[in-house]
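As structure tokens, the structure follows; a few thoughts come after it.
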Amino acid sequence: MLLKSFSYLSSLAAATTCVAVSATALPDLPEPVSNNAVATTSVRGKTYIASFMGIGPGKQHADIHNKVFMHTVGEFNWQTLPAVPSQQRLNGRIAASAVALNNNFFVFGGFTVNADGTEQTAADSYRLDPVTRRYTKLNDIPVPVDDAVALTYQNRYIYLVSGWSDYGNVNLVQVFDNFTQRWSQATPFPGKAVFGLAGAMADNHMLLCDGVALQYYADKKREYKAEPACYLGSVGENANQIDWRIIEHPTGTARYRMAGINTKIDGKDMLVFIGGSTTPYNYNGIGYNGTPALPDSKVWVFSLDEKRLLKAADTTPVMDLRGLIDIDGDIYSVGGMQNNQQVSPQLIKHQIKLQ
């Protein structure tokens, strides 16, 4: 399998909308899947959890698919929904973004992988109604991205932050207005353009951390360099105006393909980051340096009141996440890779305990 340094393969981590519902046991996915975009929404008293696309246990290009699984909280099993449509020659995608907005799921971008390891970033995106289970095609992303972070604001806007676009990273913040169905550009991401970053948003504040940047040299090919950096963005009166500030990194070591989510701890808004790996890796879980990536157990909690990252107890190690879900205050990862790069069907509850 070709590494991204030769085939421009990318990865992701992202955030999903937080929806609180009644606590209940959540069944595992129908099959193991990793790099799957996840989101949850509630409609007329029913809460739906959805997993979009991803890669299966074989971790080869042929294991990348466009399957969709949806679970109704309180029921026993998952249901298989119609697959995500595609304008690409290949249907399967990884590194897509999913969020919930106005009782619908939205799926953006991602990339397909050919047998020779080459890939194409997808521009087409879709809205899925969880009740009718029908897709509506959205206007194409102006600059196609995969491995970007998707965040929602004011139940109207969706931000796609940074990510990879065919041949390199972009520093764009692309904004989809669900009222007008149009795209626009917001204040650009202030740090190095990265893929595989993670983010979360509460009220008008978004926090983006880490990812992988491109490092260029005079005497050799470019390399993929982990980028330990966090930036807090505050949206002004205009949804396209973002005031960016640097936030001190909690460890100085970047995590790749972790996921973020907004939640409340002791009644206060917190942005939580879970999982990922300190080794940037290809979609098979093997690092670009040839070293197998290990899932991380660290939990970062950002206090919006204190504007700093707090220490928290470790959790179950997991990586290759595309989002997290919040069920009645309990945070779960959905699928992903566990130890030894094993693709998992599990929904893991992550206890958030400040230290």
Inset, instruction - Identify the residue in segment 141-155 that is touching a Leu at 6+ places or on another chain (Cβ under 9 Å) and outside any loop (DSSP other than H, G, I, E, B) and, among all such residues, is farthest from THR112 (Cα to Cα). - result: THR152
Inset, instruction - Quick one: which residue in ASP296, ASP266 is of a type in the set (Asp, Glu), in contact with a Lys or Arg (Cβ under 8 Å, 6 or more places away or on another chain) and over 18 Å from PRO57 (Cβ atoms)? - result: ASP296
Inset, instruction - Among residues belonging to segment 240-293 that are assigned to a loop (DSSP other than H, G, I, E, B) and among the acidic types (Asp, Glu), point out the one that is surrounded by the fewest Cβ atoms within 10 Å (Cβ to Cβ). - result: ASP266
Inset, instruction - Collect the residues in segment 156-170 that are buried (at least 19 other Cβ atoms within 10 Å of the Cβ), not in a strand (DSSP E or B) and not β-branched (Val, Ile, Thr), keeping them in residue-number order. - result: SER162, GLY163
Inset, instruction - Determine, yes or no, whether ALA115 is among the small types (Gly, Ala, Ser) and part of a loop (DSSP other than H, G, I, E, B). - result: yes
Legend entry - The lone exception for THR132 - which of (1) over 20 Å from the mean Cα position of the chain (by Cα); (2) of a type in the set (S, T, N, Q); (3) surrounded by 13 or more Cβ atoms within 10 Å (Cβ to Cβ) it fails: (3)
Legend entry - Tally of residues being under 27 Å from GLY329 (Cα atoms), surrounded by fewer than 24 Cβ atoms within 10 Å (Cβ to Cβ), without any contact (Cβ under 8 Å) to a residue 60 or more places away in the chain and in contact with a His (Cβ under 9 Å, 6 or more places away or on another chain) across segment 31-86: 3
Legend entry - Any hit, segment 119-127, residues being small (Gly, Ala, Ser), surrounded by fewer than 24 Cβ atoms within 10 Å (Cβ to Cβ), part of a strand (DSSP E or B) and touching a residue at least 12 places away in the same chain (Cβ under 8 Å): no
Inset, instruction - Please report, ordered by residue number, the strands (runs of 3 or more DSSP E) entirely within segment 304-353 with at least 1 residues that are without any contact (Cβ under 8 Å) to a residue 60 or more places away in the chain and among the hydrophobic types (A, V, I, L, M, F, W, C). - result: 308-311, 347-350
Inset, instruction - Among residues belonging to segment 214-230 that are of a type in the set (Phe, Trp, Tyr) and surrounded by fewer than 20 Cβ atoms within 10 Å (Cβ to Cβ), point out the one that is farthest from GLY260 (Cα to Cα). - result: TYR217
Inset, instruction - Check off (1) assigned to a loop (DSSP other than H, G, I, E, B); (2) farther than 26 Å from ARG222 by Cα for THR136 and give me the number that stays unchecked. - result: (1)
Inset, instruction - Kindly provide the set of residues from segment 171-192 that are without any contact (Cβ under 8 Å) to a residue 40 or more places away in the chain and not in a strand (DSSP E or B), ordered by number. - result: ASN171, LEU172, PHE179, THR180, PRO188, LYS192
Inset, instruction - Look at LEU197 and say whether it is under 18 Å from ILE274 (Cα atoms) and either in contact with a Leu (Cβ under 7 Å, 6 or more places away or on another chain) or crowded, with 23+ Cβ neighbours inside 10 Å (or both). - result: yes
Legend entry - Matching option when the condition is of a type in the set (Val, Ile, Thr) and out of contact with any His (no Cβ under 8 Å at 6 or more places or on another chain), among ILE274, ILE286: ILE286
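Only the coordinates and a few stated rules stand behind these numbers; no lab work does. Please read all numbers here as calculations on a predicted model, not as lab measurements. Here the Cβ is made from the backbone with ideal geometry for all residues, glycine too, and neighbour counts use every protein chain on show.
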